[in-house]
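Participant: Dropping the structure in here first, questions after.
The values are calculated or read from the model by the stated rules, or taken from the named source; none is laboratory data. It should be emphasised that the depicted structure is a prediction, and the values quoted were computed from it without experimental measurement. Counting neighbours? That spans all protein chains shown, and the Cβs are built from the backbone with ideal geometry, glycine included. Just the protein is used for accessible areas: all its heavy atoms, side chains included, with ligands, DNA and RNA removed. Shrake-Rupley method; radii C 1.70, N 1.55, O 1.52, S 1.80 Å.
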Amino acid sequence: MSEGKKGFFGRLVEGLTKTRNNIVSGIDSIFSGFSAIDDDFYEEIEETLIMGDIGIQTTMSIVEDLRRKVKELHIKEPEECKELLINSIKDQMDLGENAYEFEHKKSVVLVIGVNGVGKTTSVGKLAGQLKDQGRKVILAAADTFRAAAIEQLTEWSNRAGVEIIAQQEGSDPAAVIYDAVAAAKSRHADVLICDTAGRLHNKKNLMEELRKINRIIDKEYADAYRETLVVLDGTTGQNALAQARQFMEVADITGIILTKLDGTAKGGIAVAIQSELGLPVKYIGIGEKIDDLQKFNADDFVNALFNVRKSEAE
């Protein structure tokens with residue numbers, strides 16, 4: 001494992017401390033406190049996972065899988081179930097290869113999310129990382145309803161060393177996208193990342209706005225690969241899941257950026273999102289620095305959640 005990767009895994013372990021205390025200490029006490037595998041044993045596991053925001057539906061699937069494996073393998077000791085439980089959680093999160101095609105193609109990435117989830121910051125961090133990979137990136141400041149969003153994105157564009165297309169607060173977001181697409185084409189950009197608004201309380205307007213934006217991209221940039229990412233705040237637990245569901249109604253979501261996993265007790269929501277919505281968590285954020293947004297890896301996440309070191313996991 002590279003130093004950077006090792007460092008991020010360490011920070012992830014640290015960031016998931018509260019979630020781990022919420023879930024794992026409870027799980028460990030079940031494994032050591034029960035002398036037999038019975039219905040009470042499974043019920044305790046269910047309750048602990050639900051309390052960790054893994055979600056009811058996902059928890060039922062995990063426990064069902066655990067029951068089946070225990071039966072198949074004729075396991076009698078509760079302690080022997082821990083590894084099976086960890087693997088069941090990993091299975092719930094496995095949606096095959098998480099796709100990052102947009103990084104290697106001429107692409108347009110729409111990023112949506114409600115205020116305060118770290119959306120604009122995530123756009124800036126993603127731009128910086130793609131630039132470091134040698135990609136030519138242009139940002140579009142299409143969240144025109146907040147002057148702060150435009151200012152913040154301009155600051156990130158300077159920090160990341162990438163170009164930004166912006167207009168005044170209150171401008172038509174679709175007009176910003178139109179200008180940004182023209183700039184991306186004429187300057188041969190690899191990736192155009194669009195910071196868009198996410199006003200879920202006014203879903204009808206949001207839907208109409210996204211339709212307009214998509215029409216422009218379809219018409220003016222038909223050959224671009226499309227990616228639509230929703231940014232969710234990991235600290236909000238089940239509310240994040242509800243938000244993701246609502247955004248799925250208004251846009252063709254291809255993945256999730258899950259932020260603020262540092263210090264939340266609700267990190268289990270990453271499991272629920274992947275399992276219940278069938279949406280891959282593509283990036284996770286665990287801090288403010290540009291490299292604190294990283295590609296999501298289910299194995300690393302669950303190992304960090306249970307504090308299983310890589311050597312143990314292999």
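Participant: Any idea of the accessible area per residue across the range 8-93, 1.4 Å probe, to the nearest Å²? Before the final figure, lay out each step's value.
Facilitator: Details: 4280 Å² over 86 residues.
Ligands and nucleic acids excluded, the figure is 50 Å² per residue.
Participant: Oh, and also: Quick one: if you stick a label point 7 Å off each Cα along the C-beta vector at residue 104 and residue 199, how many nm between them?
Facilitator: Calculated label separation equals 4.0 nm.
Participant: Mind listing the long-range amide H neighbours of residue 194? Cut-off is under 5 Å, sequence gap 5 or more, other chains count too, H placed in the peptide plane at 1.01 Å from N.
Facilitator: 109, 110, 111, 140
Participant: Assuming 0.36 nm per residue, please report the length gained on full extension of the stretch residue 14 to residue 154 beyond their Cα-Cα distance.
Facilitator: Working: separation 140, 0.36 × 140 = 50.40 nm, distance 3.11 nm.
Full-extension gain reported as 47.3 nm.
Participant: Along the three principal axes, how long is the range 8-93 when you take its alpha carbons, biggest first, rounded to the nearest angstrom?
Facilitator: 38, 25, 21
Participant: Oh, and also: For residue 145, enumerate residues with amide H under 5 Å from its amide H, sequence gap 5+ or separate chain, H modeled in the peptide plane.
Facilitator: So residue 145 has HN proximity to 170.
Participant: Then there is this: So if R0 is 51 Å, what FRET efficiency would residue 182 and residue 79 give, r being the distance between their Cβ atoms, rounded to the nearest 0.05? Could you put the intermediate results ahead of the total?
Facilitator: Details: r = 63 Å, r/R0 = 1.23.
With a Förster radius of 51 Å, E is 0.20.
Participant: Of the listed pairs 90/203; 136/289; 203/282; 90/289; 136/203; 82/260, which have alpha-carbon separations greater than 30 Å here?
Facilitator: Result: 90/203; 136/203 exceed 30 Å.
Participant: For a label point 7 angstrom out from the Cα of residue 238 toward its Cβ, which stretches of the range 264-280 have the backbone nitrogen within less than 13 Å?
Facilitator: 269
Participant: Still on this model: So between residue 57 and residue 69, what do we pick up on full extension, going 0.36 nm a residue minus the alpha carbon distance?
Facilitator: Once the chain is fully extended between residue 57 and residue 69, it gains 2.5 nm.
Participant: Something else now. Can you run phi through the Karplus equation (6.51, -1.76, 1.60; θ = phi - 60°) for the range 57-66 and list ³J(HN,Hα) in whole Hz, with x for Gly and Pro?
Facilitator: The phi angles translate into 4, 5, 4, 4, 5, 5, 5, 4, 4, 5 Hz.
Participant: Can you work out the FRET efficiency for the pair residue 226 and residue 94, with r the C-beta to C-beta distance and R0 = 25 Å, to the nearest 0.05?
Facilitator: My answer for the efficiency is 0.55.
Participant: Are there trypsin sites (Lys or Arg not before Pro) in the range 172-270 that DSSP marks as loop and that have at most 15 other Cβ atoms within 10 Å, and which are they?
Facilitator: 187, 199
Participant: At 7 Å along the Cα-to-beta-carbon direction for both residue 32 and residue 208, put a label point, then send me their distance in nm to one decimal.
Facilitator: Result: 6.0 nm between the two label points.
Participant: Say R0 is 51 Å: what FRET efficiency, to the nearest 0.05, do residue 307 and residue 246 get from their beta-carbon distance?
Facilitator: Between residue 307 and residue 246 the formula returns 0.90.
Participant: Here is a follow-up. Can you give the angle from 0 to 90° between the axis of helix 81-93 and the longest principal axis of the chain, with both taken from C-alpha atoms, to the nearest 10?
Facilitator: 20 degrees
Participant: Continuing with this model, one more query. Relative contact order of the chain: what whole-number percent is it, with Cα pairs under 8 angstrom and at least 6 residues apart? Could the numbers behind the result be given before it?
Facilitator: Numbers: 550 pairs, mean separation 78.6, N = 314.
Relative CO of the chain lands at 25 percent.
Participant: Further question: Of (i) 20; (ii) 25; (iii) 6, which one was derived for percent of Cα pairs over 38 Å apart from the structure shown?
Facilitator: Evaluating percent of Cα pairs over 38 Å apart on these atoms matches (i).
Participant: When the chain is fully extended, how far beyond the present Cα-Cα distance does residue 277 get from residue 47, taking 0.36 nm per residue of separation?
Facilitator: Using 0.36 nm per residue and subtracting the Cα-Cα distance, I get 80.7 nm.
Participant: Share of the chain's accessible area from carbon and sulfur, percent, 1.4 Å? The partial results should precede the final answer.
Facilitator: Values: 6400 of 13770 Å².
Carbon-and-sulfur percentage of accessible area, whole number: 46.
Participant: In Å², and per residue, what accessible area does the range 101-306 have when probed at 1.4 Å with the other protein chains present?
Facilitator: The answer is 38 Å² per residue.
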